[in-house]
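Reviewing the structure listed below.
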Amino acid sequence: MILKAVFFFKKNYEEIIFQIIVSISLFLFYSYNQGVSLYNEPGTEKIIPYELSFFCNYMVAAMLINYVLLPKIYSKKRFTLFFVALALLISIVILIDEFVLEKIYFPDTRGVYFPGILFTLIETLPTIVVFVGFKFAWDYNKKQSEIETLKTLVQESELQFLKSQINPHFLFNNLNNLYAYAIEKSPKTPSIILELASVLRYMLYDCKEDYVSLSKEIMHLKNFTALYKLQIEHRGDIQFNSGVKRPHFTIAPLILMVFIENAFKHSTASQSENIVIHINIDVSEVGELLFTCKNGFSPIANTNNLSKGIGLINVKKRLHLLYPNAHDLKITDSNNIFNVELILQLKPIETC
């Protein structure tokens, strides 16, 4: 029994302290009002012993409502039973008030007559209602905190799930390319393996956090582009330019990689020659990143799904989760050019 009490206190000590503070505050306010109504002279208000008895009667009723009727009956949608129990409880409070406490403390005055239900309710209900109101406020704040915690956990789980989808997607595409080069016994196969290892090392070990340094991410994108450039050889024009005035910012890893991968995938799928892919990254001094990725495609090939696919769906979800109201993504295709333009407001690297 003692262990249960200790466990209950540890679990609910914040609410217990809150209720104690509320009870003391309400009692002082109640006593002050009672003193004013009794003496009707400024400066004569004081705490009178009988006030504690009346106040405890109301407080016990409020606690029964807060911790028995509401959680045990009302929350289970047994509304008829709840209102019957509430009416019975208020009736008991009135009976104790008028026929017990009044008889004890005012046997010759207020204890002689019953002033009526309406007058007694006006005297009884305010204190109980305020107690219940504070309990509602506490539960509401607690529920809001739980909802925010749940949202955070769901967001973290979703981000990890989206990352886990990106990595196999990238690996699957490149292993197919590597397999083709190995069958042809291309001399570039070892270079492709090294580039692939470098990229995978970054994806597996360096980008486990939600945000990484911008300089690391740009270096990864350069390696990533070089990996594909080795495969294209002299069949096209591949350009990667980055103008970063201040690298002291962070960015969500693997966001930009999806657009670059799609550019190579769709260009090489629709064209065997004259492949054009231009990638540009600019970051202003205030951390506004402008990313553009343009690639050509053949109108003869099926381009209906250029702006769709698992990669783009995932990256849009990640942008929504990590950069709410801090990004602008535009994807267009016209004149045989597929264009991605992304504006991100980056976060600075936190310094100790």
Quiz prompt | Meets criteria (within 24 Å of Ile275 (Cβ to Cβ) and in contact with a strand residue (DSSP E or B) (Cβ under 8 Å, 6 or more places away or on another chain)) for Asp237 | solution = yes
Exercise. Give the residues of segment 202-227 that are in contact with a Lys or Arg (Cβ under 9 Å, 6 or more places away or on another chain) and surrounded by fewer than 18 Cβ atoms within 10 Å (Cβ to Cβ), sorted by residue number.
Key: Asp206, Lys208, Tyr211
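Provide a single number: the residues in segment 319-352 that are closer than 30 Å to Ser298 by Cβ and either polar (S, T, N, Q) or under 17 Å from the mean Cα position of the chain (by Cα) (or both). Break it down into steps so the answer makes sense when it comes.
First, the residues of segment 319-352 that are closer than 30 Å to Ser298 by Cβ: 319, 328-343.
Pick out the ones that are also either polar (S, T, N, Q) or under 17 Å from the mean Cα position of the chain (by Cα) (or both) and you get 319, 332, 334-336, 339.
Qualifying residue count for the region: 6.
Are any residues in segment 310-343 part of a strand (DSSP E or B), in contact with a helix residue (DSSP H, G or I) (Cβ under 8 Å, 6 or more places away or on another chain), closer than 22 Å to Glu285 by Cα and in contact (Cβ under 8 Å) with a residue 40 or more places away in the chain, and if so, which ones? Can you show your working first?
Here is the first cut: in segment 310-343, the residues part of a strand (DSSP E or B) are 327-334, 337-343.
When the remaining residues are screened for being in contact with a helix residue (DSSP H, G or I) (Cβ under 8 Å, 6 or more places away or on another chain), the result is 327, 329, 331, 338, 340, 342.
The next check asks that each one be closer than 22 Å to Glu285 by Cα; those that pass are 327, 329, 342.
Across segment 310-343, the qualifying residue is only Leu342.
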Quiz prompt | Subset of segment 16-51 (residues that are at pLDDT 70 or above and over 45 Å from the mean Cα position of the chain (by Cα)) | solution = Tyr50, Glu51
Practice problem: Confirm whether Leu204 is assigned to a helix (DSSP H, G or I), on the phi < 0 side of the Ramachandran plot, aliphatic (A, V, I, L, M) and out of contact with any strand residue (DSSP E or B) (no Cβ under 9 Å at 6 or more places or on another chain). | Solution: yes
Quiz prompt | Any chance Ile275 is surrounded by 17 or more Cβ atoms within 10 Å (Cβ to Cβ) and modelled with pLDDT under 90 | solution = yes
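Go through the residues of segment 78-88 one by one and say whether even a single one is modelled with pLDDT of 85 or more and of a type in the set (Lys, Arg).
Let us first name the residues in segment 78-88 that are modelled with pLDDT of 85 or more, namely 78-88.
Next cut, of a type in the set (Lys, Arg) only: 78.
Yes, segment 78-88 contains a residue that is modelled with pLDDT of 85 or more and of a type in the set (Lys, Arg).
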Quiz item: Taking segment 48-84 as the search range and keeping residues that are without any contact (Cβ under 8 Å) to a residue 12 or more places away in the chain and outside any helix (DSSP H, G or I), which one is surrounded by the most Cβ atoms within 10 Å (Cβ to Cβ)?
Solution: Arg78
Quiz item: Right, Leu196: outside the structural domain of Leu88 (by TED's automatic domain parsing), among the aliphatic types (A, V, I, L, M) and either at pLDDT below 80 or surrounded by 13 or more Cβ atoms within 10 Å (Cβ to Cβ) (or both) or not?
Solution: yes
Practice problem: Just give me the residues in segment 228-263 being within 23 Å of Phe172 (Cβ to Cβ) and either charged (D, E, K, R) or not assigned by TED's automatic domain parsing to the domain that holds Asn339 (or both), in sequence order. | Solution: Lys229, Glu233, Arg235, Glu261
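Return yes or no: is Ser186 polar (S, T, N, Q), at pLDDT 75 or above and not in a helix (DSSP H, G or I)? Reasoning before the result, please.
Working: polar (S, T, N, Q): yes; at pLDDT 75 or above: yes; not in a helix (DSSP H, G or I): yes.
Considered against the rule, which asks whether it is polar (S, T, N, Q), at pLDDT 75 or above and not in a helix (DSSP H, G or I), Ser186 comes out as yes.
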Practice problem: Output the residues belonging to segment 228-247 that are at pLDDT below 85 and closer than 28 Å to Lys347 by Cβ. | Solution: Gly243, Val244, Lys245, Arg246, Pro247
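The values are calculated or read from the model by the stated rules, or taken from the named source; none is laboratory data. A quick note: this is a predicted structure, and the numbers were derived from the prediction, not measured. No Cβ is skipped: glycine too gets one built from the backbone with ideal geometry, and neighbour counts run over all protein chains shown.
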